[in-house]
Amino acid sequence: MALFEVKNLTFGYPLTDKIINGVSFTVEQGDFIAVCGPTGSGKTTLLRLLKPELAPLGNRSGEVLFDGLNAETLTPEKSCEIGFVGQSPEHQIVTDKVWHEIVFGMENLRFSQNLMKRRLAEIMSYFGIDALFDKNTADLSGGQKQMISLSSVLVMNPKIIILDEPTSQLDPVSASGFLTTLKKLNDELGLTIIITEHRLENVIPLCNKLCVIENGALTAFGETRQVIKEIIGNERIAASMPGSVRLYKILGAKGECPLNITEGKRYFREHFVRNGAPFETEEKPTGEKAAELKNVYFRYDKNAPDVLHNTSLSVYKNEILCVLGANGSGKTSLLYTIAGLTSPYAGSVEIFGKNIKKYKGQSLYSNCIALLPQDAQTVFLHNTLEEEFESAGISFGDAPYDLSYAAKTHPYDLSGGEQQLAALALVLASKPKILLLDEPTKGLDSLAKQRVRDALKTLKQQGLTVIVVTHDVEFAALCADRAAMFFRGECVCVDTPYKFFSENIFYTTSTAKITSGVCENLINPDDVRRYAEVK
Amino acid sequence: MSCFEIFNPATVFIFFACVIVSGIFTMNPVITVISLAGALAYWFVMPGQKNNRIHIYTVLMTLACMVFNPVFGHNGATVIVVINNHNVTVEAGLYGIFLGLMLSAAVYWFASFSKIMTSEKIIYILGFISQKAALVLTMALRFIPVYIRKAKQINNTQKALGLYKDETIVSRVRGGARVFSILLTYMIEKTIITSDSMAARGYSGRRRRNFSLYSFGRRDVIFLLASLVFTACTVYASSKGALVYNFYPYADTPSTAAVALAGYIGYGLLCLSPSVTEGGSRLKWRYLKSKISHSDIRLPTR
């Protein structure tokens, strides 16, 4: 018997059009289903309709059967067999201690003391997180928090786990660790999993079924390779697919679709023929320096280790510099140091040839430097975007992109990508010459990333210098003039993107990984399109 | 690690309640001295990092009570000096010292109490009284650090946006208000996520079963019974009026009747029990350690 049977499900909020329109599918025991589709297509709503406590209120028709029972009238005990993990690591944790968070659900279901103790021991040993037992949840990293949230659901012995973009707020390393854990649960325990993800790069190789949703309707559902064949002609969906699938499309979409890097490499070797002129050499930017760091040292506390350690970096006028590196490598501290929000204990920072300490009062922040922090929501002050723009003294026409359609919307109700762009427009109100961005693509889908990219390129044309701190190598490869790698508070290398990404082995784009050894200097799918002759 | 770690938090809580409440309500100088002696003894025996500035506070507090009580209270028969038509008396001074010592004893007991009772233990105790209150407390402890961090982030953003126009107080207050307003919106927004996460894990306001890390064992029974018996002695003596002590008009000599002695001894044993338990467990450790170092440990061979 199928675990979930969704029959002709239609849903709309009282005042809006239908968000979900006649969706039918079945979920079998042991499935690992990835749900994909553009932002606003109704993925989250669909997932929430499967979990009774989270189902939104509105006009609903059709049927959802869980284990043969109507999902709208499950008992609390039965409903806990449907586990749910959301995207915010910070806010789905309820209690202050790790052990308490994990038993929280069992306390609600009134498990016996012995059973709670046993499950707590089991799950912490299974995941090897017993060292976290007594820790405060506030002290954990994002990846650890998501693991705790997952554990706290698993201890209730669910038959299925529904995850709504669980890794969108995590760095790539924690994200792939988390997804690998899901695969392990699927393989070892036969746990059924439904997941939505922007980072399809990591999920597609793991899942056995793919569900594509557009405008609230089911475009395709079924075995992964089969579905990819069906949607490969759909530009919008195909753009969000992993590198191997996009190369497959560029090379003519013949034969079996490669789903991971290994398969991609084989496919590329067989189908790629180089055609075209030799690559133009990239010019290293020269000229006037916008910002220069000389042997900068910084630490948060006298007894803490250095966060920036002998950092030297020159940023030239009118370039886009992308700074890459692992968590805790000092990327964000670098940004805050250039922005004058933290002061180094040794070394010097010069902005346009003038020491940063000589910028008195607010002069650094008017017509000079602007910082867009990681959490764009910290920028918003008002109830609508219109008020927001008004109080910043700008109009919708000033931004290099159009947001006027959302003028009356509360900034918090915008999608992640729109929030990022709105915040960027507000930050630009001070007419800065240097723009600093911290993880501008975090949690964004491919379309939103493209909008951010286009915005940055327009700003560059207008004469701005842009420094982007990011984990997103694909993004950096597409928009950087130079890329820098940070490690242990030091800038290890700075290079033009083609040199940087084709010389890197581990820390590079999936296109570069697939094409290396066959043809050098291909780092984006577009490069392949330009230089490939389809066999 | 304190020997109190092995007791159930409820045992610890009841013990401290007995000591502090009966110490304060008997209003008897002998009891106060015993209480202070017991509290000090435990303070020194208790393992772990201690803030020794506490002694300065208690001494200052006692001195302040000794000085200020005669200034404001004019009862008592033995007049030292008359200032502005007000008598400054020996008895008022004695009462001040007594008050200071009593407060000092309470301060020491509370300091030990708060070192032993970590937040999880308080939440455990609170769970007996009100499950909802216990849950609210743990959630508050969870979200305070989160919001403090967020406030700092917002402040940094606002600064880099150039919203602090100048360094005047007005500008800073405005900035603070802005940060608070953003933080409030943020909190309201994020609370929805938290409540969804609770609902998704079966929280519905029904009665829950609190998970407990603690067991209630033989040790707890013995310690608790002893504490209650000792307290009963004091309460009995107090109910018979044997512990009544008057400072005015003349300070009494403390009663030495058999009932009163029973009260003193009971309270004395109560106050000493934590130090004795702690000391006992240390001796035991020393003994066990010597055995470990002398024994010949061999790994099993295959």
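Here are some notes:
- Every condition in (1) part of a helix (DSSP H, G or I); (2) surrounded by fewer than 14 Cβ atoms within 10 Å (Cβ to Cβ) holds for B:Ser204 except the one numbered (1).
- B:Cys271 passes every criterion in (1) part of a helix (DSSP H, G or I); (2) surrounded by 17 or more Cβ atoms within 10 Å (Cβ to Cβ); (3) over 29 Å from the mean Cα position of the chain (by Cα) apart from (3).
- Candidates A:Ile523, A:Ile514, A:Ile505, filtered to the one that is touching a Gly at 6+ places or on another chain (Cβ under 9 Å), hydrophobic (A, V, I, L, M, F, W, C) and farther than 17 Å from A:Leu421 by Cα: A:Ile514
- A:Ile523, sole failed condition from (1) open to solvent by 40 Å² or more (accessible area, probe 1.4 Å); (2) not in a helix (DSSP H, G or I): (1)
- Taken as a whole, the structure places B:Ile154 among residues that are assigned to a helix (DSSP H, G or I), at the interface with chain A (Cβ under 7 Å from one of its Cβ atoms), touching a residue at least 12 places away in the same chain (Cβ under 8 Å) and open to solvent by less than 60 Å² (accessible area, probe 1.4 Å).
- Boolean, A:Pro305 is surrounded by 15 or more Cβ atoms within 10 Å (Cβ to Cβ), modelled with pLDDT under 95 and in a loop (DSSP other than H, G, I, E, B): no
- Being touching a Phe, Trp or Tyr at 6+ places or on another chain (Cβ under 6 Å) and of a type in the set (A, V, I, L, M, F, W, C) is true of A:Ala455.
- Any hit, region B:166-175, residues being part of a loop (DSSP other than H, G, I, E, B) and facing another protein chain (nearest Cβ under 8 Å): yes
- Residue satisfying all of: in region B:75-112; part of a helix (DSSP H, G or I) and polar (S, T, N, Q); farthest from the chain's Cα centre (by Cα) among these: B:Ser104
- Matching residues in region B:233-255 - criterion: being open to solvent by 50 Å² or more (accessible area, probe 1.4 Å), hydroxyl-bearing (Ser, Thr, Tyr) and closer than 26 Å to B:Thr89 by Cα: B:Tyr248, B:Tyr250, B:Thr253
- Those residues of region B:41-74 which are within 19 Å of the chain's Cα centre (by Cα), surrounded by fewer than 17 Cβ atoms within 10 Å (Cβ to Cβ) and part of a helix (DSSP H, G or I), in sequence order: B:Phe44, B:Ile54, B:His55, B:Ile56, B:Tyr57, B:Val59, B:Met61
- Breaking point among (1) in contact (Cβ under 8 Å) with a residue 40 or more places away in the chain; (2) within 22 Å of A:Gly12 (Cβ to Cβ); (3) open to solvent by 10 Å² or more (accessible area, probe 1.4 Å); (4) away from chain B (no Cβ under 14 Å), for A:Thr44: (4)
- Note on region B:210-229: residues that are in contact (Cβ under 8 Å) with a residue 60 or more places away in the chain and within 27 Å of B:Gly263 (Cα to Cα) total 6.
- Cβ separations smaller than 8 Å between residues 6+ apart or across chains give the following pairs from region B:195-209 residues that are more than 7 Å from chain A (Cβ to nearest Cβ) to residues that are in a loop (DSSP other than H, G, I, E, B): B:Arg207/A:Arg110.
- Of everything in region A:335-349 that is away from chain B (no Cβ under 14 Å) and crowded, with 18+ Cβ neighbours inside 10 Å, the residue that is farthest from A:Arg299 (Cα to Cα) is A:Val349.
- Test: residue in region A:271-293 that is farther than 16 Å from A:Thr337 by Cβ, open to solvent by less than 30 Å² (accessible area, probe 1.4 Å) and assigned to a helix (DSSP H, G or I): no
- Filtered residue count, region A:408-417, keeping only those that are closer than 16 Å to A:Thr378 by Cβ and in a helix (DSSP H, G or I): 3
- Among the candidates A:Arg299, A:Arg274, A:Arg266, the residue that is in contact with a Cys (Cβ under 7 Å, 6 or more places away or on another chain) and not hydrophobic (A, V, I, L, M, F, W, C) is uniquely A:Arg274.
- Residues located in region B:4-22, provided they are open to solvent by less than 10 Å² (accessible area, probe 1.4 Å) and either touching a His at 6+ places or on another chain (Cβ under 6 Å) or modelled with pLDDT under 90 (or both): B:Phe4
- Scanning region A:354-407 for residues that are in a loop (DSSP other than H, G, I, E, B), more than 10 Å from chain B (Cβ to nearest Cβ) and under 30 Å from B:Val146 (Cα atoms) turns up just one, A:Thr384.
- With respect to the conditions (1) under 22 Å from A:Glu223 (Cβ atoms); (2) out of contact with any helix residue (DSSP H, G or I) (no Cβ under 6 Å at 6 or more places or on another chain); (3) at pLDDT 90 or above, A:Gly255 falls short on a single one, namely (3).
- The number of residues in region A:121-138 that are within 8 Å of chain B (Cβ to nearest Cβ) and open to solvent by less than 20 Å² (accessible area, probe 1.4 Å) comes to 2.
- Strands (runs of 3 or more DSSP E) contained entirely in region A:423-511, each with at least 1 residues that are of a type in the set (Asp, Glu) and more than 30 Å from A:Thr196 (Cα to Cα): A:490-495
- Taking (1) more than 9 Å from chain B (Cβ to nearest Cβ); (2) closer than 15 Å to B:Ala200 by Cβ; (3) of a type in the set (Phe, Trp, Tyr) in turn, A:Phe84 satisfies each apart from (1).
The values are calculated or read from the model by the stated rules, or taken from the named source; none is laboratory data. The structure presented is a predicted model; accordingly, all values stated were derived computationally and were not measured. Virtual Cβ from ideal backbone geometry, glycine too; neighbours counted across all protein chains shown. Please note that ligands, DNA and RNA were not included when accessible areas were found on the heavy atoms of the full protein model with its side chains. Shrake-Rupley method; radii C 1.70, N 1.55, O 1.52, S 1.80 Å.
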